[in-house]
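Presented below is the structure to which this report refers.
The values are calculated or read from the model by the stated rules, or taken from the named source; none is laboratory data. Remember, predicted model here, so these are calculated numbers, not experimental data. Cβ atoms come from the backbone with ideal geometry, glycine included; neighbour counts cover every protein chain shown. Accessible surface areas use protein heavy atoms only, side chains included; no ligands, DNA or RNA. Shrake-Rupley method; radii C 1.70, N 1.55, O 1.52, S 1.80 Å.
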Amino acid sequence: MDPSGVFPTSYRSDRRLIRTRWQFLALVVFMALLLLAPYLVSSRIIAILNMMMISAVIAVGLQICTGYAGQINLGQAAFMGVGAYTASILASKTGLTFLLTIPLAGLSAALFGFLFGLTAARIKGFYLALTTIAAQFLFHFAVLNLPSTWLGGSNGITVPPAELFGQRFVSESSQFYLNFAVTAIMVAGAFGIVRSRFGRAFVAVRDDDVAAGIMGINVAATKANAFLIGAFYAGVGGALWAYLIRFVGVDQFTLFHSIFFVAMIIVGGMGSIVGALIGVFIIRIIQEIIATVGPNIADSVSFLGGDIVFAGMNVVLGGVIALFMILEPKGLMHRWNILKSSYRIWPFPY
Amino acid sequence: MTTNNGHVSSPLAVRGATLKFGGVTALDDVSISVADDELLAIIGPNGAGKTSLLNVTAGFYRPQKGRVELSGQDVTGLRVDQIARRGLARTFQGTHLFAGQTVVENIMIGRHMLMKSNVVQAFFQFGPVMREESEHREAAEEIIDFLEIEAIRNRPVGTLGYGLRKRVDLGRALAQEPSILLMDEPMAGMNSEEKEDLARFILDVREARKIPVVLVEHDMGVVMDLADRIVVLDFGRVIAEGTPEEIQKDPAVIKAYLG
Amino acid sequence: MTYQSNRGLRGLLAAAALAAAATMPLKAQAEETYNLALLSDFSGPYADIMPILAGGREAVFTWWNETRGKELGVTLNYKNYETRYDAAQVASLWPGIKSELDPIAVVGLGGPDVAALSERLPEDKIPMFMATAAYGFAWQPDAWIFNPRPTYSHESVGFLNWMREQRGGDEPLKVAILASEASPAYVDMAKGLELYAEEHPEEIDLVEVIYTEVQPTDLTGQMRRVVRAGAEALVIQTNTSIVVAAKRGLQANGANIPIMMSSHNGLPASGGALGGLEQMEGDFEAYGMAIAADEDTPARQFYETLVADYGLEAPWNVVTAMGVSQGLYTVTVIDHAIEANGAEGLTGEMVREALFAKPITTEETHGFLPTLSFTPEAPFPLEGLKVNVGTVKDGKITIAATGVDVPQVEKW
Amino acid sequence: MVYFINDIITGALIGLLYSLVAMGFVVIYRASKVFNFAQGELVIIGGFIVWFTTMQAGLSLWLSIPLSLVLAGLVGYAIERIFLTKLIGESVFSMVMVTVGLLILLRGLVLLVFGPAVRPFPIIFPLKPLFLGDMLIPMNLLIGGIITIVAAVGLSWFFNRTRSGLRMTAVAEDHVVASSMGISVKGSIAVAWVLGAILSTIGAMIFLSGKSLTFLASDIGFAALPVALFAGLESIGGLILAGIIIGIAQSLTTNYLDPLIGGSLGSVVPYIIMLAILLIRPTGLFGWRTIERV
Amino acid sequence: MTMLELNNVEVTYSDVILALKGVSMTVRAGQCVALLGGNGAGKSTTLKAISGTLKSEDGTVSAGSIVLDGTPIQNMEASEVVKNGLIHVMEGRRVLRHLTSEQNLIVGGHMVPNSAELKKRLDHVYTLMPRLADLRNRTSGFMSGGEQQLLLIGRAMMASPKIIAIDEPSLGLAPMMIRDVYEVLKQLKSEGTTFFLVEQNSAAALSIADYAYVMENGRIVMDGPADKLADNEDIKEFYLGVTASGERKSYRDIKHYRRRKRWLG
């Protein structure tokens, strides 16, 4: 619902994401602040932002696959791993520039995701969700058991830093700009996809696949596409991860990581790109708080025993996720939308 | 239009369809064909196979025997979406609308198969995608105008009343620019006012768009008034076929259905 | 809070606050202060041993500050960072560690630290000192991450050769390995030993390599295969749960093949998990570090000093030994660096150079570690490697052998 | 040959253990339509309860086993009350997602309450295996297998024949319809969780008897998952067959294929079988077919 | 004796949207009361407010009271409402698709104390609807729409409620089937069951109802004895589809933009 006084005058303007001057101004300020962040905040904050942006790319992909197309995906970390491995191998063995390795990483993850998506032609509902766990185990098994010259086996792969015009992306702030650029493109692209015929087809398949079929939407292909796009995002995120950490190993992409990505979109709200970003922010912030505050608490109350403090922190993290589900099962975005609409129609409740 | 086996091809023909599941014969050698610009009504008791016939036609079920032809083209065994792309649209008993989406979005989903842009273009949102979106949006708005649902354009369909939902359902089917329209009990659950509205729209559709319509309906008033021809099914078999006047007098129909 | 009354709690809090206030100015008075970043895992898979390990290494730093540090006019500050054993967390912590602490060395804990920092430390010119044995995949020249012990495979090979000598005869020793694919590190341990056995068929005959889960359902069948193959030793360097399952599997088969374990799943841990050390009678633990046996060794004496004078609360066990060893060789390297460069202006790079410049003698580490001679060729000493062997005798942990030579192992 | 048969028998028995753990999934699914991702965590909570009553409180087995089952039931009930009751009426999807949060939360709680140390688990079933000629069969698995079969027969009778069972089935079909018929959805889900927690505790006893206990043991949840999907999420009886097939396949792979490839194919074989069967029968061997009315 | 009473009931969805705006009505024991009205008028919402199934759609009764046989039931759990004697037969023929017809009935009788009583009630259902007896082992998801509707009524009977609230029993049924369903309802009414009937098919509803309410836009706009309403001009035109002269006009002759609702003024 628009605030009063805003009337679109063409179909194109009706499609716009940014509808008021204030929204535009807020976005400009936000982007400017982000761009200037390396000059404004400490490198620790920049490092956190780096991690958040990479998670954001992956979570946005998961949001498209799960939130929009309704395909619960517990293999997102494996898809991320495929991307990370692809980028690492290309960068370390062929010396390809990151301008190519990142999209190629996305594509190879997309292919892997698509293979699992194809099973959606037959398998539905929880059965499908749970088969994506198999992606996780198969990825782990393949990396460890294929000849180690292929995927590095148990050794992992060392990745040279991203490089452009002789400029090596090794410092936090240079990596920040790399991540920022890629994340901005990916998030903008996600908005494009969800507002296009593909986004509508995803929602159609999610809400009612019988009706979607009669609309001429190939349901199985659409589901497979959702996995493909979701995995593409995971792959790009994985490539960014590879360039950030510059060492990939199979234990960086576990089922637990996948579960956390799901938790992110749960907290933010299903079916909203902004929701995915909010979810990433909240979960990552909680994790960082645990890592930062934890040792201090453990030090100052050493008689409590550090382990109790930290176990307590895990409880907080799990509890936050569970609480979100209980109190706001539709996610934070939903609460925000209700607030917004009740504010706009206030004081008349209908 | 003629097919290779010589006879005049109709927009839709079902030839000798037989469908069984779990020991029950839902359709037993059913043949129907629809003429250009014709409104064919299918009636019959519950469980007679009307919905099964629609489902076979639309590709939800594959008949064990028989064929389905669209404008002379054999579409038996094709997927639902493939048949839809060959020009068949359908509205549902109850509604299978996308409840969380607005009216415009629902109708735009109907345009999906007519749009051409690919994922990469959608991702970068450049030129052709934007133009295409605007074009199809215009077509969608025309349908909204036609069905007089401008006021609810941006309301989520789930918040609408049943009658309006049925209208959106029709709009979504029209958005596909079909060459044949199947309607499964469009009048169910409507009061006479809403029935009158929808009847008017069905007549308008035929007038303005010249689309042949297959109508499955229980409301005899509607069927007798609107249909050009009526097919009566019972126990999966065609027991009568003819003009409304003929059907009303047919003793077999009266026994099985009208009572 | 069963053991302390509420009042006691409050008292402790007050005491802690006082102590904190008292130590602050003291630290500031030192002439030169250098920082160490301690990476910890209080909430991940190593949460069970972390408090003890942390206690061990921190006690060493306290001891050093009050003895050698005072002499040299240097104070080592340290700060614990929680990594949750997650590479992403390490990566996001690291820039903060660098800017806020500017450490001259990092005291690391495990795989994620290595993964996240292996490419960054050379850029930032800060060395990292680990507590555990090394891995084959970290065996690269020009390292910035160091282990006081060789790889797990080195340690098992050293032990197996010792065992073959004990047995006597010319036949190769028949050995089985229990590994797991749950972690690439576990795979690496098996691969090193496999390669050695392949290249030295006259020494080791690897009869079975079995992969299992980190918490196996049942190993009776697998253990029967091991028994039927006539294995004389079973190497399990993975985790405690697998040792327990294997032991039960052997017991079901009525066999008693000696199991060799490593430091992190050693005799006390596995014995505890089995419900009694006496069940581990005749089994071994072997690693390149002092055995925490109930015997009067230099290491034990140093431990007692730490307990008596430097506030160490951890019990005398292998985890404490690991923490103390890590602390000891870290401070010794720094000590060497100060000797070479003076107390002022010490950098991480100097610390690393000091590591290569001069061996760390076993005296300097109070017998916790053998004499270590690092070279730029590997992240661990390639020469003069030794392992110690502990065993259970009459229900008590005893030292079976010290200073067992480790043969030359090729890189895999 | 004897060893080959022995491997098959042991494999089948391990498979039955998976069936038992999978039964926890299925019971909760069957009575509430909620797929519980935290099933492995229920197993370790059950394990810790058993550990606490025996090793810590020092009760005899005859006392501690029933007590543990009661306590586990209470834990299941508490989880349902705290986390799921408020979500009744929300989409099933939300309820499933809350179990994802539960997975992380329960792990933290286990660490908080019991600490991260590896604990010795009491010897509940005789350590001495059963000797059949040259074959030896672990007692815990043998007795566990029998318990599993009894539980499966009993529970499938309960769900398909008794009125309480049908009542729970109705809840699984449709929460709204069930409550419109006066069935307490809350009550049904509570019973499901109590049953699920009790089954998990029995599973923990068989799985861990005489071994050690850490939170790593929750992995059994994901090991049992393929069995549940293979059988179909609504089928309790089918779990037996699915467990036996998957167990034997895994055992043969571990014993005869893994040594050849030098890897751990055995750990992924259940997932490969599951994928294959689901591609042929999308709702498992015995799951409810989707009845779609267009 | 008053069986069910609604006093000034308001219903809000998502704390924001007001769907019922002060609805009051009364159902007396043994009566059949029909609730008529256009789609979206609030009929189903009223029914859900009574039966307690609103919650699943994020709705609450925000004002007023609903009293069932002396017990206030507004915002009560759906299962508790049933225990108080009201059973809600939902629209959309929501049978338990994977269960057989007889299993559906048994679930309906889940509160029956003993199996003898259960048997008795099953027999009662089967004598009233012999068709269900023939289909007792058929998976209900595969039954035809009419059979499913009968099954739902049978399932409600199994609980032997004081009052059955039934939503659109004729929806999507062939004329003969509608007659069959209403025959069963009449039979039940003659046995003393109270009905609260929400129906689009006003002609059928008024044929069985004693009293009827007409709803528009979340409000009651008209009420009266069924026979009186059946004679009302507006009801005839909008709900029964007959003109003032009593003749049905052809759908082909309908013109657009013609009508307005007189009672809304």
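Listing for the model above:
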read-out	value
Criterion violated by D:Gln56 - all others in (1) within 9 Å of chain A (Cβ to nearest Cβ); (2) free of Cβ contacts under 8 Å to residues at least 12 places away in the same chain satisfied	(1)
Failed item, numbered, when E:Gln187 is tested on (1) within 25 Å of D:Arg161 (Cβ to Cβ); (2) open to solvent by 10 Å² or more (accessible area, probe 1.4 Å)	(1)
Given (1) within 13 Å of chain D (Cβ to nearest Cβ); (2) over 26 Å from E:Met222 (Cα atoms), number of the condition E:Ser51 does not satisfy	(2)
Helices (runs of 4 or more DSSP H) completely within the stretch D:221-294 that count 2 or more residues being facing another protein chain (nearest Cβ under 8 Å) and open to solvent by less than 40 Å² (accessible area, probe 1.4 Å)	D:269-280
Odd one out for A:Leu138 among (1) within 30 Å of D:Val268 (Cα to Cα); (2) open to solvent by less than 20 Å² (accessible area, probe 1.4 Å); (3) in a helix (DSSP H, G or I)	(2)
Which numbered condition C:Ser156 misses (of (1) in a loop (DSSP other than H, G, I, E, B); (2) under 22 Å from C:Val235 (Cα atoms))	(1)
Qualifying residue in the stretch A:202-210 (condition: under 21 Å from the mean Cα position of the chain (by Cα) and closer than 30 Å to D:Ala224 by Cβ)	yes
Pairs with Cβ under 9 Å, 6+ apart, first in the stretch A:156-177 and basic (Lys, Arg), second part of a helix (DSSP H, G or I)	A:Arg168/A:Ser174
Residues of the stretch E:32-53 classified as free of Cβ contacts under 8 Å to residues at least 60 places away in the same chain and crowded, with 24+ Cβ neighbours inside 10 Å, total	3
Output for the stretch B:213-259, where each listed residue is β-branched (Val, Ile, Thr), part of a strand (DSSP E or B) and within 21 Å of E:Asp180 (Cβ to Cβ)	B:Val216, B:Val232, B:Ile239
Among residues of the stretch E:176-228, those that are of a type in the set (Gly, Ala, Ser), more than 22 Å from E:Lys162 (Cα to Cα) and within 14 Å of chain B (Cβ to nearest Cβ), counted	4
Members of the stretch C:256-279 that are more than 27 Å from C:Pro150 (Cβ to Cβ), open to solvent by less than 20 Å² (accessible area, probe 1.4 Å) and in a loop (DSSP other than H, G, I, E, B)	C:Gly276
Residue within the stretch C:202-213 that is open to solvent by less than 10 Å² (accessible area, probe 1.4 Å), closer than 29 Å to A:Asp251 by Cβ, outside the structural domain of C:Thr320 (by the TED database) and of a type in the set (D, E, K, R) present	no
Subset of the stretch C:349-358 that is open to solvent by 60 Å² or more (accessible area, probe 1.4 Å) and not aliphatic (A, V, I, L, M) - its residue that is farthest from C:Lys125 (Cα to Cα)	C:Lys358
Hits in the stretch D:87-116 (condition: more than 9 Å from chain A (Cβ to nearest Cβ) and without any contact (Cβ under 8 Å) to a residue 60 or more places away in the chain)	none
Qualifying residue in the stretch E:138-148 (condition: touching a residue at least 60 places away in the same chain (Cβ under 8 Å) and either open to solvent by less than 40 Å² (accessible area, probe 1.4 Å) or away from chain B (no Cβ under 14 Å) (or both))	no
Exclusive hit being closer than 29 Å to D:Ile183 by Cα and assigned to a loop (DSSP other than H, G, I, E, B), set D:Val70, D:Val75, D:Val34, D:Val27	D:Val34
Boolean, C:Asp296 is over 27 Å from D:Pro126 (Cβ atoms), more than 14 Å from chain D (Cβ to nearest Cβ) and without any contact (Cβ under 8 Å) to a residue 60 or more places away in the chain	yes
Failed condition for C:Gln140, given (1) open to solvent by less than 40 Å² (accessible area, probe 1.4 Å); (2) not in a helix (DSSP H, G or I); (3) not acidic (Asp, Glu)	(1)
Within the stretch C:181-201, tally of residues that are small (Gly, Ala, Ser), facing another protein chain (nearest Cβ under 9 Å) and either in contact with a strand residue (DSSP E or B) (Cβ under 6 Å, 6 or more places away or on another chain) or surrounded by fewer than 19 Cβ atoms within 10 Å (Cβ to Cβ) (or both)	1
Check on E:Ser24, among the polar types (S, T, N, Q), assigned to a strand (DSSP E or B), open to solvent by 40 Å² or more (accessible area, probe 1.4 Å) and under 27 Å from A:Glu328 (Cα atoms)	no
Failed item, numbered, when B:Glu38 is tested on (1) crowded, with 22+ Cβ neighbours inside 10 Å; (2) in contact (Cβ under 8 Å) with a residue 12 or more places away in the chain; (3) closer than 27 Å to B:Glu177 by Cβ	(1)
Subset tally (residues that are more than 9 Å from chain E (Cβ to nearest Cβ) and within 15 Å of B:Leu40 (Cα to Cα)) for the stretch B:208-238	17
Test: A:Gln167 is among the polar types (S, T, N, Q) and open to solvent by less than 10 Å² (accessible area, probe 1.4 Å)	no
From the options B:Arg200, B:Arg206, residue that is within 15 Å of the chain's Cα centre (by Cα), outside the structural domain of B:Met113 (by the TED database) and open to solvent by 20 Å² or more (accessible area, probe 1.4 Å)	B:Arg206
Residues satisfying the stated conditions in the stretch B:129-145, i.e. more than 7 Å from chain A (Cβ to nearest Cβ) and open to solvent by less than 50 Å² (accessible area, probe 1.4 Å)	B:Glu132, B:His136, B:Ala139, B:Ala140, B:Glu141, B:Ile143, B:Ile144
Yes/no for A:Ser148 being more than 11 Å from chain C (Cβ to nearest Cβ), free of Cβ contacts under 8 Å to residues at least 12 places away in the same chain and under 28 Å from C:Ala138 (Cα atoms)	no
Residue identified as open to solvent by less than 10 Å² (accessible area, probe 1.4 Å) and not charged (D, E, K, R) among D:Leu84, D:Leu155, D:Leu130	D:Leu84
Test: residue in the stretch C:17-37 that is in the same structural domain as C:Phe129 (by the TED database), open to solvent by less than 10 Å² (accessible area, probe 1.4 Å) and modelled with pLDDT of 90 or more	yes
Exclusive hit being open to solvent by less than 10 Å² (accessible area, probe 1.4 Å), more than 8 Å from every other protein chain (Cβ to nearest Cβ) and over 30 Å from C:Val90 (Cβ atoms), set A:Ala231, A:Ala221, A:Ala226	A:Ala226
